[in-house]
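Here's the structure we're looking at; comments come further down.
The values are calculated or read from the model by the stated rules, or taken from the named source; none is laboratory data. Just so it is clear, the model here is predicted, and its values are computed rather than measured. Virtual Cβ from ideal backbone geometry, glycine too; neighbours counted across all protein chains shown.
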Amino acid sequence: MLKVRGRGPSPRVRGGGTGLELPPPPPKKKPAHPNLQGAKCWDGHRTAPGANTQRCGCRGVQGSADTPGNPPQMLPPAPVPHTGLGGPARRRRERDSNPRPRGSQEAAPAEPCAAASARPLPVLPPHWITSCRSRAAQQRIGQRGAAAGWGGASCGRLCADPGMAVMGVQVVVSLLAASVMQKLAPHCSFARWLLCNGSLHRYKHPSEEELRALAGKQRPKAKRDRRVNGVLDDKPLSVPRDIDLRLDTSPITAVDALVLRYFLEYQWFVDFAVYSTTVYVFTEGYFCLADPKKETNIGVLWCLLTVVFSVKVFFMVMRHYFRSEEGGERSVCLTFAFFFLLLAMVALVIREDYLEFGLEPGLAGVSSNLESVLKQRGWEWTVPLAKLAFKLGLVALCSFLGACLTFPGLRLAQTHLDALRMAADKPLTQVLLHTSFLAPVIVVVMWIKPISRDFLLHAPMGKQTVQLMSDSAYNTARLWTIVGLCLLRLAVTRHHLQAYLGLAERWVEQMRREAGRIAAVEIQRKITRIYCYVSVVSLQYLGPVILTLHCTLLLKTLGHHSWGLYPEPSPVPPAVSAAPPRPGSEDGEDVRAAVEQITGVLGGIFTPLFFRGLLAFVTWWVAVCQVVTSLFGLYFHQYLAAS
């Protein structure tokens with residue numbers, strides 16, 4: 001007897017049997033749909049028995065219409081009964097259970113009955129997110145929110161104000177700039193173009209065969225020919241120093257640049273500075289044309305990141321000097337660090353009548369605002385300590401920046417002298433080189449009040465004084481002057497880098513004037529080391545320029561200066577007032593109120609007047625470090641190195 005195991009309908013038995021067919025199991029009773037029992041739709045409307053709540057256009061919540069305070073509960077979709085069929089049969093069964101009217105793709109929403117429209121609508125809490133499909137339902141839920149005192153409708157797939165943008169223009173531009181920088185870096189890079197555009201030529205080291213030929217030596221062909229008295233003569237090759245060695249040149253390509261030390265760091269840093277400046281220019285134009293009141297200038301964030309990365313690059317190069325085997329660079333960095341520490345302490349005690357940073361008025365405003373905040377908690381005694389700690393931290397920062405800018409200044413002096421020697425027959429190039437070298441001196445002088453501001457605002461004309469420009473015009477002219485000097489430094493970059501690469505030829509010329517012999521490996525190592533160090537020299541040259549430029553941009557924005565295209569806003573500090581607490585106990589509202597309160601307090605403490613003083617001092621200090629180190633470099637390379 002044939003037994004068939006399993007549940008449900010069984011297939012027909014094939015084979016040499018009797019062809020018996022098992023009877024199908026009795027059909028299961030289809031569960032009653034909740035809509036057939038007069039259920040309520042998702043918006044609380046009473047429907048007649050047999051009506052389909054899936055076809056109601058409101059799609060609200062399932063709750064009690066008589067008791068509006070009940071917490072709303074989402075009505076789960078009606079379960080589809082399992083028929084044991086799949087594919088076309090299952091789709092046919094679903095289509096038969098939910099018929100659609102002919103001539104339309106979607107069923108028309110059912111009109112709520114009169115009894116349902118008379119009932120009060122359930123009240124939704126502000127944090128409850130629903131999904132409304134019809135405009136009428138959105139209006140109904142908005143009326144509930146207005147009746148409950150929430151201030152308007154906030155019901156949709158995004159539970160927010162429909163008129164509020166998710167991302168502003170500045171955020172979109174920032175994300176676009178970051179994406180472009182990441183995608184285009186392998187294909188289009190300003191830093192790589194600056195080194196590998198074909199205008200810079202490197203000197204290739206001579207091979208061992210070329211040095212043997214210049215020295216008049218023949219390389220033995222067999223190992224036995226190198227035996228002297230039975231002993232193998234395998235000494236390194238040495239040649240006379242006065243050989244007529246001529247170095248071949250080759251343009252630097254992208255493939256050649258891959259072996260350079262810190263080339264990837266150099267490329268990323270310079271490209272980021274370029275994109276940061278581009279975003280800042282866009283945000284400045286956006287604020288000038290659109291004049292948004294409640295938006296924060298996101299270009300400030302890009303400039304702050306550029307300043308931080310500049311300091312990081314300086315520290316990376318200085319750490320490389322500290323790890324050197326010779327140790328002379330370490331002593332030079334420490335010496336200049338202590339010297340700049342003393343110089344910063346002297347600069348901070350000079351009165352504002354001579355150095356017009358505005359740091360003291362800014363600190364006074366911060367102290368008064370901070371005292372009013374801390375006095376409520378009984379901590380007013382910490383205000384003098386905070387002021388002292390700020391000045392000590394500023395002095396330590398100045399010492400660190402001075403140590404980091406020591407070797408960039410020394411290198412700038414060396415490349416400046418070599419660039420002038422290479423441009424001996426080009427007077428215009430020499431004028432540009434001298435102007436770019438004196439650019440930090442001009443920046444330093446512009447903050448010395450008796451010879452800059454007082455002279456221009458009260459220019460002596462015989463027995464009378466004439467005012468050539470106003471205070472705001474002088475601030476604007478100072479900003480534009482610093483930006484122009486930075487662009488001039490960038491324009492003569494190729495001359496300085498080519499002058500550094502010319503050190504290989506100068507070293508060979510100096511070697512010819514010496515007597516004795518030198519190992520061939522030493523010649524190759526010296527010439528190769530000069531080329532492999534060109535990316536570090538590029539960082540040392542471009543790093544101070546980028547740092548000065550972005551400190552100036554921060555000074556303009558955070559200090560409420562103007563580019564001269566629109567009136568300069570007043571840097572008067574606003575009164576510090578805590579935001580009143582908002583009614584409500586929701587977590588989101590509490591966090592938003594706390595953030596607004598903290599932002600208001602910090603905005604009242606760190607005023608534009610404080611940022612004017614701080615950023616003006618930092619910009620001036622970077623210029624002072626470049627002036628001191630470059631002048632010492634001129635003296636060293638002209639007198640000490642020659643002796």
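Applying the selection to segment 469-479, what residues are surrounded by fewer than 13 Cβ atoms within 10 Å (Cβ to Cβ) and either part of a helix (DSSP H, G or I) or in contact with a strand residue (DSSP E or B) (Cβ under 6 Å, 6 or more places away or on another chain) (or both)? Across segment 469-479, the qualifying residue is only 471.
Scanning segment 471-512 for residues that are touching a residue at least 24 places away in the same chain (Cβ under 8 Å) and charged (D, E, K, R), we see that the one that is farthest from residue 198 (Cα to Cα) is 478.
Based on this model, can you work out whether residue 394 counts as over 27 Å from the mean Cα position of the chain (by Cα) and assigned to a helix (DSSP H, G or I)? No; evaluated as a whole, the condition is false for this residue. Any residue that is surrounded by fewer than 17 Cβ atoms within 10 Å (Cβ to Cβ), aromatic (Phe, Trp, Tyr) and either part of a helix (DSSP H, G or I) or touching a Phe, Trp or Tyr at 6+ places or on another chain (Cβ under 8 Å) (or both) - is there at least one of those in segment 437-459? The answer is yes; a qualifying residue exists. Within segment 338-348, can one find any residue that is touching a strand residue (DSSP E or B) at 6+ places or on another chain (Cβ under 7 Å), of a type outside the set (Asp, Glu) and surrounded by fewer than 17 Cβ atoms within 10 Å (Cβ to Cβ)? Within segment 338-348, none of the residues are touching a strand residue (DSSP E or B) at 6+ places or on another chain (Cβ under 7 Å), of a type outside the set (Asp, Glu) and surrounded by fewer than 17 Cβ atoms within 10 Å (Cβ to Cβ). Across segment 601-643, the qualifying residues are those that are within 30 Å of the chain's Cα centre (by Cα) and loosely packed, with under 15 Cβ neighbours inside 10 Å, and the one among them that is modelled with the lowest pLDDT is 603.
Residues in segment 213-253 that are loosely packed, with under 13 Cβ neighbours inside 10 Å, at pLDDT 80 or above and either aliphatic (A, V, I, L, M) or within 25 Å of residue 516 (Cα to Cα) (or both): 244, 246, 248.
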